[in-house]
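*Asks:* Attaching a single structure in structure tokens format; questions to follow.
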Amino acid sequence: MQNKGPYYLTTAIAYTSGKPHIGNNYEIVLADSIARFKRKEGYDVFFQTGTDEHGQKIELKAQDAGVTPKEYVDKVAGVIRELCDLLNISYDKFIRTTDDYHEKQVQKIFRKLYDQGDIYKGAYEGLYCTPCESFWTESQLVDGKCPDCGREVKPAKEEAYFFKMSKYADKLIRHINEHPEFIQPVSRKNEMMNNFLLPGLQDLCVSRTSFKWGIPVDFDDRHVVYVWLDALTNYITGIGYDADGNSTEQYKKLWPADLHLIGKDIIRFHTIYWPIFLMALGEPLPKQVFGHPWLLTGTDKMSKSRGNVVYADDLVNFFGVDAVRYYVLHEMPFENDGTITWELLAERTNSDLANTLGNLVNRTIAMTNKYFGGVVADKKASEAVDEDLKAVVTGTYAKVADKMAALKVADALTEIFGIFKRCNKYIDETEPWALAKDPAKADRLSTVLYNLVEGILIGASLLEPFMPETAEKIADQLNAPLRDFDQLETFGLYESGKKVTETPQILFVRLDLKAVAEKEEEIRQKMIAASGVKEEPEKEEEPVIDIEPKEEISYDDFAKLQFQVGEIIACEAVPKSKKLLCSQVKIGSSVKQIVSGIKAHYTPEEMVGKKVMVLVNLKPAKLAGVLSEGMLLCAEDAEGNLALMTPEKAMPAGAEIC
């Protein structure tokens, strides 16, 4: 492939408070698939990841463990790096924020920003969330808790340095408006603009004095640098940035970054704080920040006390690395949260990996050995059915490239597996076992098997960025190298007369779901025992609620109400309202704007994509100055918790509820 120039990709650096779970590891697998794909496209990729190692939370964890903070982070950073290697991550640099060169540059950056008047000394009094290392005002809390993680906050007051955020806010707003690709998905951009930038930014606390585990401010050693100013700058210090103006050639080549890949929970830090820091330093902004959704256990966040935390090493040891990579890449939606369980992973392994892919490769090689002694030869005995196979196979790369350009990795994998599904259909259409019974059709049989081998090899070459070990195994069994992307739109490059392996290797074994469940339970019990927390007892029965009955109505009264299924296609918070969300709801071919008082129960990004029950003929009204054209129906429990009413089965937007 022609060299297309540099491509700089980063993940968020992992916080070293403990061993990350598979939801954390998903991000680096996603980044790795993008990095490998870009390399195959001809880009000179530099892929950086690493660990974030300072802050009060780590200082407290180290105290509890009876070790120094450095000893604590050294151990956890080692675990994180081992998990990266276990998952076959092709990173080019693993940075640690305790690296000497990084700490020195952070001190230089802090001094530079102070000297030019962007940082000033003051005092902070507010509500502090230790896990998030963030101060909040009373108005920013949600139900009295941290709006980011939902945990308790505590009053805190201390001397601190502050960054003048408002100085650069208008410039950042202009940049976001002029560069619609900067924040993706669009729902994240809307959230940042409406909830933070447009209402006005407060100055940001950028130092602490209440703990010591951080990078000291070199001209005022009572203070350590706020963890986010420390952590975010890794993206430039890791490639050679120097605040004194002596940045390396590598920095000049790679910056600005092409993509920051991060979790949706830290989108604010990367799309508001980080760009403003860069503006103050006079450096260009990254080209794109993508805030990916979360990977949940079933429908719940992972919790050690519940025993539902899923770790990558447990999964890899049981399912294999490429099965785990395939699942987390294929099952994570573009915007909405995904889900992982042992059972779902097993089912996907059996259906897609063992049946669709593994069985295809195995029987193609077995038939080639049985009928032709392993020799693959194109006898040019083509028929019409061959042309459709070739069109699907050679047309897939362009579709995959389009999906990857939009960071729709799950869709890209679906396109690739379309090749393998088409090959399986081709076997059913051509029936090689029937052709083998007629010696006169030997050339046709040979051509069919050649076409299958060629199709599989092209599919494996496309699969390599996502499942590298599996792709190599397939190529080895076909006795041919994986191809570059510029060779994937030509059918027939497999050398006629080559031999496949005599003993095909089983790529994926079908799993017994009972054995999978037993292994999962074994690990869960060990986790609960290790946590020291007793397992929560099962609830004996669901609570019921009795409410005051309303006056009876006739059927004619009820018939006046029009209920339909709606699909929420966009959602944002209503400015200056603590309760309201404004949703754009698709109902049939029309879209209605509906304002609902459910902000305490759903975030805007959680709303997008949901199918909901809508009262569509409610008279329009204005709520907080925003027009509402209907009502979303919810259920409410005794504590005031709300749940949207959703259809039990898949229903199209517009379906009548009767």
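*Asks:* Across the stretch 15-59, what is the number of residues that are closer than 20 Å to Val328 by Cβ and acidic (Asp, Glu)?
*Replies:* Counting residues in the stretch 15-59 that are closer than 20 Å to Val328 by Cβ and acidic (Asp, Glu) gives 2.
*Asks:* Select from the stretch 22-54 the residues that are in a loop (DSSP other than H, G, I, E, B) and touching a Lys or Arg at 6+ places or on another chain (Cβ under 9 Å) and write down the one among them that is surrounded by the most Cβ atoms within 10 Å (Cβ to Cβ).
*Replies:* Applying the filter and picking the extreme gives Glu53.
*Asks:* Give me the pairs: first residue in the stretch 175-195 and crowded, with 16+ Cβ neighbours inside 10 Å, second residue among the hydroxyl-bearing types (Ser, Thr, Tyr) and not in a loop (DSSP other than H, G, I, E, B), beta-carbon distance under 8 Å, and six or more apart or on different chains, which are they?
*Replies:* Hits for this filter: Ile176/Thr271; Phe182/Thr271; Ile183/Thr271; Arg188/Thr271; Lys189/Thr271; Met192/Thr271.
*Asks:* Any residue at all in the stretch 449-458 that's in a helix (DSSP H, G or I) and hydroxyl-bearing (Ser, Thr, Tyr)?
*Replies:* yes
*Asks:* Out of the stretch 151-165, which residues are surrounded by fewer than 13 Cβ atoms within 10 Å (Cβ to Cβ) and of a type outside the set (Asp, Glu)?
*Replies:* Arg151, Lys154, Pro155, Lys157
*Asks:* For the stretch 310-328, check the following and say yes or no: at least one residue is in a helix (DSSP H, G or I) and without any contact (Cβ under 8 Å) to a residue 12 or more places away in the chain.
*Replies:* Yes, the stretch 310-328 contains a residue that is in a helix (DSSP H, G or I) and without any contact (Cβ under 8 Å) to a residue 12 or more places away in the chain.
*Asks:* Here's something else I'd like to know. Residues in the stretch 469-485: is at least one among the acidic types (Asp, Glu), modelled with pLDDT of 95 or more and not in a helix (DSSP H, G or I)?
*Replies:* Among the residues of the stretch 469-485, at least one is among the acidic types (Asp, Glu), modelled with pLDDT of 95 or more and not in a helix (DSSP H, G or I), which makes the answer yes.
*Asks:* Which one of the conditions (1) free of Cβ contacts under 8 Å to residues at least 60 places away in the same chain; (2) under 30 Å from Leu281 (Cα atoms); (3) among the basic types (Lys, Arg) does Lys75 fail to meet, given that it meets all the rest?
*Replies:* Here Lys75 meets the rest and fails (2).
*Asks:* Would you pick out the residues in the stretch 332-355 that are within 18 Å of Ala460 (Cα to Cα) and surrounded by fewer than 17 Cβ atoms within 10 Å (Cβ to Cβ)?
*Replies:* Start the filter on the stretch 332-355 by keeping residues that are within 18 Å of Ala460 (Cα to Cα), which leaves 349, 351-355.
Hits for the stretch 332-355 are Ser351, Asn355.
*Asks:* Looking at the stretch 271-283 only, could you name the residues that are closer than 21 Å to Asp99 by Cβ and either in contact (Cβ under 8 Å) with a residue 60 or more places away in the chain or touching a strand residue (DSSP E or B) at 6+ places or on another chain (Cβ under 6 Å) (or both)?
*Replies:* Hits for the stretch 271-283 are Phe277, Leu281.
*Asks:* Name the pairs whose Cβ atoms lie under 7 Å apart, with the first residue in the stretch 636-652 and acidic (Asp, Glu), the second assigned to a loop (DSSP other than H, G, I, E, B), and 6 or more positions between them or separate chains?
*Replies:* Asp637/Ile545
*Asks:* Could you look through the stretch 115-132, keep only residues that are closer than 15 Å to Val224 by Cα and in contact with a Phe, Trp or Tyr (Cβ under 7 Å, 6 or more places away or on another chain), and pick out the one that is surrounded by the most Cβ atoms within 10 Å (Cβ to Cβ)?
*Replies:* Ile119
*Asks:* Can you name the residue in the stretch 607-658 that is of a type in the set (S, T, N, Q) and over 16 Å from Val565 (Cβ atoms) and is also farthest from the chain's Cα centre (by Cα) among such residues?
*Replies:* Ser628
*Asks:* A further question on this structure: Go through Lys619, Lys599, Lys579, Lys592 for me and flag whichever is of a type outside the set (Val, Ile, Thr), in a loop (DSSP other than H, G, I, E, B), farther than 17 Å from Met192 by Cα and in contact (Cβ under 8 Å) with a residue 12 or more places away in the chain.
*Replies:* Only one candidate passes the filter, namely Lys579.
Condition check ((1) charged (D, E, K, R); (2) within 29 Å of Glu605 (Cβ to Cβ); (3) under 22 Å from the mean Cα position of the chain (by Cα); (4) outside any loop (DSSP other than H, G, I, E, B)) across all residues:
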| site | (1), (2), (3), (4) |
| --- | --- |
| Asn194 | no, yes, no, yes |
| Pro199 | no, yes, no, no |
| Asp230 | yes, yes, no, yes |
| Leu261 | no, yes, yes, yes |
| Ile267 | no, yes, yes, yes |
| Phe277 | no, yes, no, yes |
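*Asks:* Follow-up question, since we're still on this one. Which number in (1) touching a helix residue (DSSP H, G or I) at 6+ places or on another chain (Cβ under 6 Å); (2) in a strand (DSSP E or B) marks the one condition that Met613 misses?
*Replies:* It fails just one condition, (1).
*Asks:* Going through the stretch 201-215 one residue at a time, which ones are surrounded by 22 or more Cβ atoms within 10 Å (Cβ to Cβ) and under 13 Å from Pro69 (Cα atoms)?
*Replies:* Trp213, Gly214, Ile215
*Asks:* Also, I was wondering about something else. Scanning the stretch 103-137 for residues that are aliphatic (A, V, I, L, M) and free of Cβ contacts under 8 Å to residues at least 40 places away in the same chain, which turns out farthest from Thr209 (Cα to Cα)? Lay out the reasoning, then the answer.
*Replies:* Initially, the stretch 103-137 is screened for residues aliphatic (A, V, I, L, M), giving 106, 109, 113, 119, 123, 127.
Within this subset, residues satisfying the condition of being free of Cβ contacts under 8 Å to residues at least 40 places away in the same chain are 123, 127.
Details: Ala123: 11, Leu127: 15 Å.
For the stretch 103-137, the residue satisfying everything is Leu127.
*Asks:* Quick one: is Glu572 within 34 Å of the chain's Cα centre (by Cα) and in contact (Cβ under 8 Å) with a residue 60 or more places away in the chain?
*Replies:* When the stated conditions are applied, Glu572 passes them.
*Asks:* Still on this structure, please answer the following. So if I check each of Tyr450, Tyr426, which one is in contact with a helix residue (DSSP H, G or I) (Cβ under 6 Å, 6 or more places away or on another chain) and more than 30 Å from Asp32 (Cα to Cα)?
*Replies:* Tyr426
The values are calculated or read from the model by the stated rules, or taken from the named source; none is laboratory data. Source: prediction; values computed, not measured. Glycine gets a Cβ as well: all are built from the backbone with ideal geometry, and neighbour counts include every protein chain shown.
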